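> Here it is, the structure, as structure tokens.
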Amino acid sequence: MKRVKSLRNPLQRTAAALAACLGLILLAPWPGAQAVLHAALVLGIALDPESALLTALWAAAGGWAVEGTLRLYPHYGGTPWADMSVALLAWWMIRDLPVGSFKGWLGRQALLGALWILAVHLAVRLAAGPHLWGWTWAWILLGLPFWGWLTWRWQRPGGR
């Protein structure tokens, strides 16, 4: 099976992930927009086909940025843990099971997004007990055309 080689250099990946984490903090007053950017970070921008460690670290940074900005949300690490887990699954998929079409990518991102939503809520429930789900799940799934296109442009071979 052909493996995907990263076309982005480490500086580009670091700058994009850092900008996304900063964006998560700045978008705190608008949880819907924050959720869409969070999905783009965890399921696309953070994924470095050459490094599982960097993928996990940037996904965790996004989770901590979100947990740190929400007032009514427990801050026990459930979001970063779920972010790392699903980001590593997505990392494996882009390396070993690449897709060649945008529709295939959107389908994969929809499934990963749904899995990620469930993983975050399960991890937060395990870490802190019952909590409100709110509407971020709807923002993530409805924002799929935007963040799915953004991550497709970021991750696909030749997509500079």
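> Can you give the Rg and Dmax of region 76-149 based on its C-alpha atoms, in angstrom?
Calculated on Cα positions, Rg and Dmax stand at 13.3, 41 Å.
> Please compute the length gained on full extension between Leu11 and Leu142, using 0.36 nm multiplied by the number of residues separating them and subtracting their Cα-Cα distance.
Additional length available on full extension: 44.1 nm.
> Still on this structure: So how strong a dipole does the chain carry about its Cα centre when Lys and Arg Cβ are +1 and Asp and Glu Cβ are -1, to the nearest 20 debye? Write down the numbers at each step before the final one.
Numbers: 13 positive and 5 negative charges, 112 e Å.
I would put it at about 540 debye.
> Can you report the principal axis dimensions of the chain using only the alpha carbons, biggest first, rounded to whole angstrom?
43, 29, 25
> May I pose another question? Can you find, among Gly68, Leu126, Trp81, the residue sitting farthest towards the positive end of the charge dipole of the chain, where Lys and Arg contribute +1 and Asp and Glu -1 at Cβ?
So the residue furthest toward the plus end is Trp81.
> If you don't mind, there's one more thing I want to ask. Could you list the residues of region 79-94 with an amide nitrogen less than 20 Å from a label point located 7 Å from the Cα of Leu132 in the Cα-to-C-beta direction?
Answer for region 79-94: 79.
> If the only charges are +1 at each Lys and Arg Cβ and -1 at each Asp and Glu Cβ, what is the size of the charge dipole of region 60-134 around the Cα centre, to the nearest 20 debye?
For this selection, approximately 140 debye.
> Taking the chain as the reference, fit the longest principal axis to its C-alpha atoms, fit the long axis of helix 102-128 to the helix C-alpha atoms, and give the angle between the two in degrees, 0 to 90, nearest 10.
Around 30 degrees separate the two axes.
> Take the solvent-accessible surface of the protein heavy atoms, probe 1.4 Å, and return the percent of it on region 79-148 that carbon and sulfur atoms account for. Mind dumping the intermediate values first?
Values: 2940 of 3760 Å².
Ligands and nucleic acids excluded, carbon and sulfur give 78 percent.
> Also, I was wondering about something else. Using heavy-atom solvent-accessible surface (probe 1.4 Å) with all chains present, what is the largest-first order of Leu132, Leu18?
The residues order as Leu132, Leu18, largest area first.
> Along the Cα-to-C-beta direction of Arg153, a point sits 7 Å from the Cα; which residues of region 13-41 have their amide N less than 19 Å from that point?
13-24, 33-41
> Where does the chain land at 222 nm, in deg cm²/dmol rounded to the nearest 500, when only DSSP H runs of n ≥ 4 count, each adding -39500 (n - 2.57), divided by all residues?
Working: 7 runs with 110 residues, N = 160.
Rounded to the nearest 500, it is -22500 deg cm²/dmol.
> Taking the solvent-accessible surface of protein heavy atoms with a 1.4 Å probe, what is the per residue accessible area of region 43-97 in Å²?
Solvent-accessible surface per residue comes out at 44 Å².
> Taking every pair of alpha-carbon atoms in region 64-109, give the share separated by more than 16 Å as a whole percent.
Counting pairs separated by more than 16 Å, the tail of P(r) holds 52 percent.
The values are calculated or read from the model by the stated rules, or taken from the named source; none is laboratory data. Computed from a predicted structure; not experimentally measured. All Cβ positions, even for glycine, are placed from backbone atoms using ideal geometry, and neighbour counts span all protein chains on display. These area figures cover heavy atoms from the full protein model, side chains too; ligands, DNA and RNA do not enter into them. Shrake-Rupley method; radii C 1.70, N 1.55, O 1.52, S 1.80 Å.
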